[in-house]
Amino acid sequence: MANKPVAIEVCNPNGKYGVVSTKPMLGSRWINILIEQDCRVEICTQKKNILSVEDIVALTGDKCDRVIGQVMYCKLV
């Protein structure tokens, strides 16, 4: 059974460099910094806690220069 494509949001689609973020970024500061550096930013919008290796390969392929892997942290009280 084939994997479903990973859902992404693309910012600055004509950017020179490819950057993939494995989770949505909070706010727009980092996205704006990457766009100012001429990066095409692909943000995974998949509702999963952890992406599989296959998901990450599907996201990056041969078009990616950098990956931003994000881990969510929450303190239990």
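Every number here is computed from the coordinates shown, using simple stated rules; none is lab data. Note that the structure is a prediction, hence the values are computed from the model and not measured. Backbone-built Cβ (ideal geometry, glycine too); neighbour counts: all protein chains shown.
Points worth noting:
- Cα-based reach from K23 at 20 Å (exclusive), listing aspartates and glutamates while leaving out same-chain residues under 8 positions away: E9, E42, E54, D55, D62, D65
- Label zone of A7 (point 7 Å out along Cα→Cβ, amide N under 20 Å): in the stretch 47-66 this covers 47-60.
- The gain in end-to-end length when the V53 to V67 segment is fully stretched comes to 3.7 nm, 0.36 nm per residue minus the alpha carbon separation.
- Residues whose amide H lies under 5 Å from that of S21, counting only those 5 or more places away or on a different chain, are E42, I43, C44, I68; hydrogens are built 1.01 Å from N in the peptide plane.
- Extension gain, Y17 back to E36 (0.36 nm per residue minus Cα-Cα distance, nm): 5.7 nm
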